[in-house]
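Trainee: One structure, as structure tokens, below. Some questions next.
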Amino acid sequence: MLSGKRILLGITGSISAYKSLQILRDLCAEGAEVDVVLTESAQRFVPALTLQVFSGRPVHTDLFENRNEMAHLTLAQSADLVLIAPVTAHFISKMAMGLSDDLLSSLLLSTSAPVMIAPAMDIGMWTHPSVEHNVSLLKKRGVHVIGPEIGLLASGKVGMGRFADERKIVSHVSSYFSEDQPSLEGEVVLVTAGPTEEPIDPVRFISNRSSGKMGYALAEVAKKWGAQVILVSGPTALPFPDDVACFSVRTAHEMKTEVDRHIPSASIVVMAAAVSDYRPRVRSEKKIKKSGSNYQMALEETEDILAGRPEGTGRQVVVGFAAETDQLLENAQKKLQDKRLDLIVANDIMQEGAGFDVETNIVQIIDAKGKITPYPKMTKHRIAGYILKEALAIKSSLS
Ligand code: CTP
């Protein structure tokens, strides 16, 4: 919750600016007091009046709006956090240069509050060397960069540059303030994420709809809480989290090799990957051609990475996932026992807002004693926090 927190929401001139209305509403719903500052070009995309109605406070656009006080100083000093969402390539350059030719850029030079930016731009701009340079400069200065993501861009192209999901941005802000943030200092957290792909021939494969978002959220939160994080990821469209040791794999076999290599040193293991259960028994070296009749393919089971894991060197807390369509709790409890887990995260993927390729999930966490904790629908980042907290509580009870 953000009760009592004063957030300064800066909006710059991107087509994604309309999405900042939802961010504003969500921040207010979490109890924050939000001061909105619009740049001149942002005003072409979102009217100040709309933002004023949603925030219930005056919206600021002008460095010289109040002759009796310096707006940039008052706003800069009262903010607990500055969030600029969306931020354009142009504004990123201004920040990197330290320019101060408008209200938002001026207050950034005066504030001592943490600054988060959520970039939104076309792929060509995001990958331009000057933008890359400026973003890495800002990161070095401690600016938190949220996204961007890969997806459909305003230009019609698909690629990196899409404004991060609004709920993800708000969840970054609220988790920054979460007072009971535990410490994972000294823990080595191994996370698996995403689907696996089992090749049929050079162009086809068996896979599933896992986006990797849950696993990546776990890796990001564990990193933020001070753990050393190892992420073994199947193919996803997500950028690797900063300061996490990331290993890309494709097949279940490759994932097993990588997990077996790292698992002995891990103190907390969270297997969020949706591993293919079957692979073609034979992989065709050449593209399989149409033959004019039905085609049958023999499948064999892949290795169960979790069940067949090697022992850790110290006592580990091992967490599995069970994405089910029916008999959720029975199936999840069976997996917990069969795979010798400390916790299992069960989710019914038939529920709206749960499961693959959405930003939210609805889970129940079951422990080895049979205690079931249900959680309401929430972002995958918040769920990641609860999973890691439960894992840490077990870890602390062991030592
Ligand atoms: N898992 C694994 N290796 C596999 C299959 C699953 O490590 N080959 C892990 C998953 O990462 C997850 C847990 O085991 O943490 C449960 O995965 P799930 O696919 O739900 O279970 P399965 O045992 O494959 O059972 P089923 O698909 O029949 O429900």
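The values are calculated or read from the model by the stated rules, or taken from the named source; none is laboratory data. Everything numeric in this text was worked out from a predicted model, so none of it was measured. Glycine gets a Cβ as well: all are built from the backbone with ideal geometry, and neighbour counts include every protein chain shown. The protein model used for the area step is the full one, side chains on, heavy atoms only, and it has no ligands, DNA or RNA in it. Shrake-Rupley method; radii C 1.70, N 1.55, O 1.52, S 1.80 Å.
Trainee: Any chance you could count how many residues in the stretch 271-285 are in a strand (DSSP E or B) and more than 8 Å from the ligand (Cβ to nearest atom)? Break it down into steps so the answer makes sense when it comes.
Mentor: Residues of the stretch 271-285 in a strand (DSSP E or B): 271, 274, 278-280.
From the residues that got through so far, the ones that are more than 8 Å from the ligand (Cβ to nearest atom) too are 278-280.
Number of matching residues: 3.
Trainee: Which pairs do you get when a residue that is of a type in the set (Ser, Thr, Tyr), found in the stretch 338-365, comes within reach of a residue that is more than 10 Å from the ligand (Cβ to nearest atom), reach meaning Cβ atoms under 6 angstrom, with the pair 6+ apart or on two chains?
Mentor: 360/353; 360/377; 360/379
Trainee: Conditions: (1) within 12 Å of the ligand (Cβ to nearest atom); (2) at pLDDT below 95. Residue 311 meets all but one. Number of the miss?
Mentor: With (1) within 12 Å of the ligand (Cβ to nearest atom); (2) at pLDDT below 95 applied to residue 311, the lone miss is (1).
Trainee: So, one more: If residue 322 meets every condition in (1) assigned to a strand (DSSP E or B); (2) more than 9 Å from the ligand (Cβ to nearest atom); (3) surrounded by 14 or more Cβ atoms within 10 Å (Cβ to Cβ) apart from one, which number is that one?
Mentor: (2)
Trainee: Let me ask something else about it. Go through (1) open to solvent by less than 40 Å² (accessible area, probe 1.4 Å); (2) in a loop (DSSP other than H, G, I, E, B); (3) out of contact with any helix residue (DSSP H, G or I) (no Cβ under 7 Å at 6 or more places or on another chain) and name the single condition residue 351 misses.
Mentor: All conditions pass for residue 351, except number (1).
Trainee: Hey, another quick one. Do the conditions hold for residue 313, that is, is it under 30 Å from residue 223 (Cα atoms), more than 29 Å from the chain's Cα centre (by Cα) and not assigned by TED's automatic domain parsing to the domain that holds residue 169? Don't jump to the end; show me each part of the working.
Mentor: Working: under 30 Å from residue 223 (Cα atoms): yes; more than 29 Å from the chain's Cα centre (by Cα): yes; not assigned by TED's automatic domain parsing to the domain that holds residue 169: yes.
For residue 313, the condition - under 30 Å from residue 223 (Cα atoms), more than 29 Å from the chain's Cα centre (by Cα) and not assigned by TED's automatic domain parsing to the domain that holds residue 169 - is met.
Trainee: Same structure again: Filter the stretch 364-399 for residues that are at pLDDT 90 or above and basic (Lys, Arg) and give the result.
Mentor: Across the stretch 364-399, the qualifying residues are 369, 371, 389, 395.
Trainee: Over 24 Å from residue 187 (Cβ atoms) and touching a residue at least 24 places away in the same chain (Cβ under 8 Å): which single residue out of 313, 302 fits that description?
Mentor: From the options 313, 302, the qualifying one is 302.
Trainee: Here is a further query. So, in the stretch 203-228, how many residues would count as being in a loop (DSSP other than H, G, I, E, B), within 16 Å of the ligand (Cβ to nearest atom) and open to solvent by 10 Å² or more (accessible area, probe 1.4 Å)?
Mentor: Number of matching residues: 5.
Trainee: Restricting the search to the stretch 252-270, which residues are within 12 Å of the ligand (Cβ to nearest atom), open to solvent by 20 Å² or more (accessible area, probe 1.4 Å) and not charged (D, E, K, R)?
Mentor: Of everything in the stretch 252-270, just one residue is within 12 Å of the ligand (Cβ to nearest atom), open to solvent by 20 Å² or more (accessible area, probe 1.4 Å) and not charged (D, E, K, R), namely 253.
Trainee: Where in the stretch 4-99 are there strands (runs of 3 or more DSSP E), lying fully within it, with 1 or more residues that are open to solvent by 60 Å² or more (accessible area, probe 1.4 Å)?
Mentor: Because the criterion is at least 1 residues that are open to solvent by 60 Å² or more (accessible area, probe 1.4 Å), the strands (runs of 3 or more DSSP E) in the stretch 4-99 that meet it are 6-11, 33-38.
Trainee: Run down 344, 305, 288 and say which single residue is within 12 Å of the ligand (Cβ to nearest atom), part of a loop (DSSP other than H, G, I, E, B) and modelled with pLDDT of 95 or more.
Mentor: Result: 305 is the single residue among 344, 305, 288 that is within 12 Å of the ligand (Cβ to nearest atom), part of a loop (DSSP other than H, G, I, E, B) and modelled with pLDDT of 95 or more.
Trainee: Could you go through the stretch 232-247 and let me know if any residue there is among the acidic types (Asp, Glu), open to solvent by 20 Å² or more (accessible area, probe 1.4 Å) and within 19 Å of residue 172 (Cβ to Cβ).
Mentor: yes
Trainee: May I pose another question? Can you confirm whether residue 53 is of a type in the set (A, V, I, L, M, F, W, C) and in contact with a Ser or Thr (Cβ under 9 Å, 6 or more places away or on another chain)?
Mentor: no
Trainee: Please tell me if residue 370 is open to solvent by 30 Å² or more (accessible area, probe 1.4 Å), part of a loop (DSSP other than H, G, I, E, B) and assigned by TED's automatic domain parsing to the domain that holds residue 257.
Mentor: Criteria met by residue 370.
Trainee: How many residues are loosely packed, with under 13 Cβ neighbours inside 10 Å and within 19 Å of the chain's Cα centre (by Cα) if we restrict to the stretch 143-157?
Mentor: Matching residues across the stretch 143-157 total 1.
Trainee: So which residues in the stretch 109-141 are free of Cβ contacts under 8 Å to residues at least 40 places away in the same chain and either hydrophobic (A, V, I, L, M, F, W, C) or open to solvent by less than 20 Å² (accessible area, probe 1.4 Å) (or both)?
Mentor: 109, 115, 117, 123, 125, 126
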